[in-house]
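Step one of this worksheet: look at the structure below.
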Amino acid sequence: MLIGKIVVVALYLVGVVGLSLPEYRELFLSLTPAQLLATLFLVLFYHKGWNDAFPIYAAAAFWLGFGSELVGIHTGYLYGDYVYGQTLGPKLWEVPIVIGVNWFVLSYLTGTVFHKIPNDYYAAFLGALAMTSLDYIIEPVAVALDFWVWKFDIIPPGNYAGWFGVSFLIHLIYRKANFEKSNPLAVWLLMAMILFFTILNFTLEV
């Protein structure tokens, strides 16, 4: 467990320093997909509930998130008018493949925080609210680092409504899936991500 925490601190501390320094930014931008995949590895390595229900939830989170982005990119519905840049790596139908990973990771981490709440709908509401709040922190950084670009450089309020709706649906699936939901590294990872994007809001020109 201690080793996992050290890896998380190193992963996100090095990342935030590298992205904050203009002379190293391009290098660390190219490593962004690798950082997300490393986070996925940590989530899965410390996950305890390996049964048939877990991959069903994981696949649902990936494809619902990825599918919602497909709708958003090609229609403007759900989130507004935006396009993805090159930072997040290879794309499928103009959407970076790691976006599905991101939806899974964020729903898993926020779901774990509230997993002891007995009411599924209340827990899903809190999880979706947490994900939407995190998106609010991420948005300025994502634009500055060419994760994605908004039409007219304006983040529409509807983006957050769309995020909340899709997040709520994924969190309900998380709650209904019958697998062990405690993960000793989840809160640590979530806090590292929050601090990572919060600091970048101050160190980048956003």
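Quick check: net charge around residue 83, other residues with Cβ under 14 Å of its Cβ, Lys/Arg +1 and Asp/Glu -1?
Values: positive: 91, 151; negative: 69, 81, 94, 146, 153.
Summing Lys/Arg as +1 and Asp/Glu as -1 gives -3.
Viscosity 1.002 mPa s, temperature 20 °C: give me the Stokes-Einstein translational D for the chain in µm²/s, with Rh taken as the Kirkwood radius over C-alpha pairs. Walk me through the intermediate numbers first.
Working: Rh = 17.3 Å.
Rounded, D is 124 µm²/s.
Taking a quarter of the surface of the convex hull around the Cα atoms of the range 160-201, what do you get in nm²? Could the numbers behind the result be given before it?
Details: hull surface 15.6 nm².
The orientation-averaged projected area of the Cα hull of the range 160-201 comes to 3.9 nm².
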Relative to the Cα centre, what is the charge dipole magnitude of the range 3-98, using +1 at the beta carbon of each Lys and Arg, -1 at the beta carbon of each Asp and Glu, and rounding to the nearest 20 debye? 320
Per DSSP, the loop-located GluC sites (Glu not before Pro) within the range 13-95 having at most 14 other beta carbons within 10 Å are 94
Given a 1.4 Å probe and every protein chain left where it sits, what share in percent of the accessible area of the chain is carbon and sulfur? 72
Gaussian network model of the chain, springs between alpha carbon atoms under 10 Å - residue of 194, 170, 99 with greatest fluctuation: 194
Per the rule of 0.36 nm per residue minus the C-alpha distance, extending residue 20 to residue 97 adds in nm 25.2 nm
Just to confirm a number: summing +1 for Lys and Arg and -1 for Asp and Glu over residues other than residue 111 whose beta-carbon lies under 13 angstrom from that of residue 111, what do you get? +2
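Suppose a student asked you for the relative contact order of the chain, using Cα pairs under 8 Å spaced at least 6 residues apart; what percent would you report? Write out the running numbers ahead of the final one.
Numbers: 271 pairs, mean separation 66.3, N = 206.
After rounding, I find 32 percent.
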Please report, ordered by residue number, every helix of the chain (full DSSP H runs) that is 20 Å or longer along its axis going by C-alpha atoms and whose mean Kyte-Doolittle hydropathy reaches -1.0. 2-20, 32-46, 53-75, 98-113, 120-144, 157-176, 186-203
Using only Cα atoms, locate the centre of the range 175-206 and the centre of the range 50-129, then give the distance between them in Å, rounded to an integer. 14
Working from the alpha-carbon coordinates of the range 21-60, get Rg over Rh, Rh being the Kirkwood radius. 1.23
Per-residue ellipticity at 222 nm for the chain, helices alone: DSSP H runs ≥ 4 residues times -39500 (n - 2.57), over residue total, nearest 500 deg cm²/dmol? -24000 deg cm²/dmol
If you count only protein heavy atoms with a 1.4 Å probe, what accessible area per residue comes out for the chain, rounded to a whole Å²? 49
Two-decimal log10 I(q)/I(0) for the range 67-183, as the Debye equation yields it once each C-alpha is a single scatterer, q = 0.15 Å⁻¹: -0.67
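With +1 on each Lys and Arg Cβ and -1 on each Asp and Glu Cβ, and nothing else charged, work out how big the dipole of the chain is about its Cα centre, in Debye to the nearest 20. It would help to have the intermediate numbers written out before the result.
Numbers: 9 positive and 13 negative charges, 138 e Å.
Computed charge dipole of the chain: roughly 660 debye.
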Given 16 as the ceiling on other Cβ atoms within 10 Å, longest exposed-site-free region of the chain for trypsin sites (Lys or Arg not before Pro) in DSSP loops: 117-206
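The values are calculated or read from the model by the stated rules, or taken from the named source; none is laboratory data. Keep in mind that what you see is a predicted model, and the values were worked out from it rather than measured. Virtual Cβ from ideal backbone geometry, glycine too; neighbours counted across all protein chains shown. When the accessible area is computed, the model is the full protein with side chains, heavy atoms only, and any ligands, DNA or RNA have been set aside. Shrake-Rupley method; radii C 1.70, N 1.55, O 1.52, S 1.80 Å.
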